[in-house]
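The values are calculated or read from the model by the stated rules, or taken from the named source; none is laboratory data. Remember, it's a predicted structure, so these values are computed and weren't measured experimentally. Counting neighbours? That spans all protein chains shown, and the Cβs are built from the backbone with ideal geometry, glycine included. The area values use the complete protein model at the heavy-atom level, side chains included, leaving out ligands, DNA and RNA. Shrake-Rupley method; radii C 1.70, N 1.55, O 1.52, S 1.80 Å.
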Amino acid sequence: MQNKITVETLNAWFGTNHALKNINLSFQENRITAIIGPSGCGKSTFIRCLNRMHEVVRGAKVSGKVLVDGKDIYERDIDPVDIRRCIGMVFQKPNPFPTMSIYDNVAAGLKLNGMKDKKILDKTVEESLKKAALWDEVKNDLNKSGVSLSGGQQQRLCIARALAVEPEIILFDEPCSALDPISTSRIEDLMIELKEKYTIVIVTHNMQQAARVSDYTAFFLYGELIEFGETNQIFKKPKEKSTEDYIVGRFG
Amino acid sequence: MDRPKFRLSKLSGDLIFKTVVGLFAFGIIVLAFLLFRELFIASSLSRNAFGAGFLTTSTWDPVKEVFGALPFIFGTLVSSLLALLIAVPLSLGIAIFLSELAPEKLRTPLSFIIELLAAVPSVIIGLWGIFILAPFIRDYLAPPLSTYLGFLPLFQGPMYGPSMLTGGVILAIMVIPITSSVSKEVIMTVPIQQREAALALGATGWETTRIAVIPYARSGIFGAVILGFGRAVGETMAVTMVIGNSPHISASLFSPSYTMASVIANEFLETAASKLYISSLIEVGFLLLVVSVIINIAARILVWKLLKVERGAA
């Protein structure tokens, strides 16, 4: 198993606030890596550095390297737009485009890439919705608005939208925090299915979720990476005192 | 401690306050109703004399006392639509720049200046229109238009300066502040999550605006456009000064025209001798009021419908 993403001495700022400090971390291919930590520890900032979404916020700054398949996505001549096309992202709150149909939501990324062939679009939309475990529920309503779905369905629609552009990596930024337990468990099952083909990074404030779905876990605190290891080890025998304190619920 | 008494006086104070402000609010409705009623009654002479023909005939002859308002209705609608045609793309561009692209330091002063433009008295804009804009259009804009697009009836005939085109441009200038500032406010309410959804798919800045921001804000932008249309329809002074004030219907934008608001402003003092003349002008006013109200109601219904589609879906 090889490293898909390698992060080297990554630092990030919001204005003068030093949000991430010297992060070194690797993510393995076809594995789920969870990033946990209390609010404000920099975990969301970190995941947004992996597809260059951090810098869209005014005053945000990044230094360091993020190597994807050995190539630094922060290299000077690289367009962040291209990076975001190969790395999918699913957000905290389901955010389908409200004026688009289910079909158009899924096809949005492909259309941005200039795809016009109706057959390919049809096929990709169907496949992506199947991969996102949503096809059976919406196959007769593809022309309905994306926001006519329930919250959990909307989130799976967003996953389908991310999958449609055939990324190799998918970033999940607290994808279940706005969902009920049943929808949450469907998304978790889905992530486990998806890891066969994709490299997955998930930020979560829900430690049980990290324990359920992930192969590796990284614990962040105050903008620093405190501990990284196999999920089993982190949850059963954490090496650091603060990791243990967080996991057993002494703070956070 | 004298609490019960204190409470009692507070209660009656509340009641007085409620009654007074309630009367104010109700007063507006009464005022609007009386306005309608007054215009309707005062225009009865003209309505009896010309009936529906008032709307469809184009003779306006105070000497023979024959009045038809079609040229004014035509002038108002065409000049306002022309204004929208010019103002909407510009306003959208301004709104997108201010909300999406401009750095914070530039956004606030620029927005302020654009809103100030709305506060310029329309007679000032009219003066500028007469002395600067009309000659400019006559000398620099009309010749190429008639050379290259002269095969269209829109750009045929002589151009003396005051014209439908000049009126439309002046109105566009007056529509831009309101349309752009309302559009900007609307666009700024689009949630950041919508922008991020597009960006994460690999959309460029412009693509994000196109697929995520504008569609989300479209009902509000539509409202802003209709507000601008309302302003153009009701605008009187500036357009009167540059449109040429000639009650004729012509396909050419180069020929002078007349609007409903302008004819009232221009001719009201000349009507003393004829009751039918004044009644006809009042009927034009009544029509203008009705048209304005219909535009506003229609806009609101459409905006509500669009909002309902989006909310109903959400």
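Dipole of chain B computed with +1 at Lys/Arg Cβ and -1 at Asp/Glu Cβ about the Cα centre; of B:Ala119, B:Leu70, B:Ile192, farthest Cα towards the positive end is B:Ile192. Only the Cβ atoms of Lys and Arg (+1) and of Asp and Glu (-1) were treated as charged; on that basis the dipole of chain A about its Cα centre amounts to roughly 320 debye.
Spin-label model, B:Glu115/B:Ile16: points 7 Å from Cα along the beta carbon direction are separated by 3.6 nm. Only protein atoms count toward the accessible area here, which uses a 1.4 Å probe; on the protein assembly as shown, the carbon and sulfur part of that area reaches 63 percent. What the protein assembly as shown shows is 49 Å² of accessible area per residue, with the surface traced by a 1.4 Å probe over protein heavy atoms. Candidates B:Ser43, B:Ser183, A:Leu50 compared by Cα position along the dipole of the protein assembly as shown: farthest toward the positive end lies B:Ser43, with charges placed on Cβ. Which residue, B:Ala25, B:Ala102, B:Ala52, tops the fluctuation ranking in a GNM of chain B built on C-alpha contacts under 10 Å? Sorting by GNM fluctuation, first place goes to B:Ala25.
Which of the chymotrypsin sites (Phe, Trp or Tyr not before Pro) across region B:128-211 are loop residues per DSSP, with 12 or fewer other Cβ within 10 Å?
On the way: sites: B:Trp128, B:Phe131, B:Phe136, B:Tyr140, B:Tyr148, B:Phe151, B:Phe155, B:Tyr160, B:Trp206; in loops: B:Phe151, B:Tyr160.
When the chymotrypsin sites (Phe, Trp or Tyr not before Pro) of region B:128-211 are filtered for loop state and at most 12 Cβ neighbours within 10 Å, B:Phe151 remain.
The charge dipole of chain B, taken about its Cα centre with unit charges on the Cβ of Lys, Arg, Asp and Glu (plus for the first two, minus for the last two), comes to roughly 1060 debye.
Estimated from helices alone, the mean residue ellipticity of chain A at 222 nm is -10000 deg cm²/dmol (sum of -39500 (n - 2.57) over DSSP H runs with n ≥ 4, per residue).
Dividing the mean sequence gap of close Cα pairs (under 8 Å, 6+ apart) by how many residues region B:43-161 holds gives a relative contact order of 11 percent. Solvent-accessible surface, computed for protein heavy atoms with a probe of 1.4 Å, shrinks by 20 Å² or more for the following residues of region A:85-111 when the other protein chains are added to the isolated chain: A:Arg85, A:Phe91, A:Lys93, A:Asn95, A:Phe97, A:Pro98, A:Thr99, A:Met100. Taken residue by residue and averaged, Cβ atoms of other chains lying within 10 Å of the Cβ of A:47-56 number 2. Short-range pairs are left out: with C-alpha atoms under 8 Å and at least six residues apart, the relative contact order of chain B is 27 percent. Within region A:132-229, the GluC sites (Glu not before Pro) that combine a DSSP coil assignment with at most 13 other C-beta atoms in a 10 angstrom radius are A:Glu196.
Pairing chains A and B buries close to 2000 square angstrom of accessible surface in total, based on protein heavy atoms and a 1.4 angstrom probe. Computed from point charges on the beta carbon alone (+1 for Lys and Arg, -1 for Asp and Glu), the dipole magnitude for the protein assembly as shown about its Cα centre is near 920 Debye.
What is the sum of charges around B:Met159, taking Lys and Arg as +1, Asp and Glu as -1, for the other residues whose C-beta is under 15 Å from the C-beta of B:Met159?
That works out to 0.
Note on B:188-201: average number of Cβ atoms from other chains within 10 Å of each residue's Cβ is 6.
Ordering B:Met237, B:Ala299, B:Ser255 by the projection of their Cα atoms onto the charge dipole of region B:189-314, which places +1 on the Cβ of Lys and Arg and -1 on the Cβ of Asp and Glu, puts B:Ala299 at the extreme positive end.
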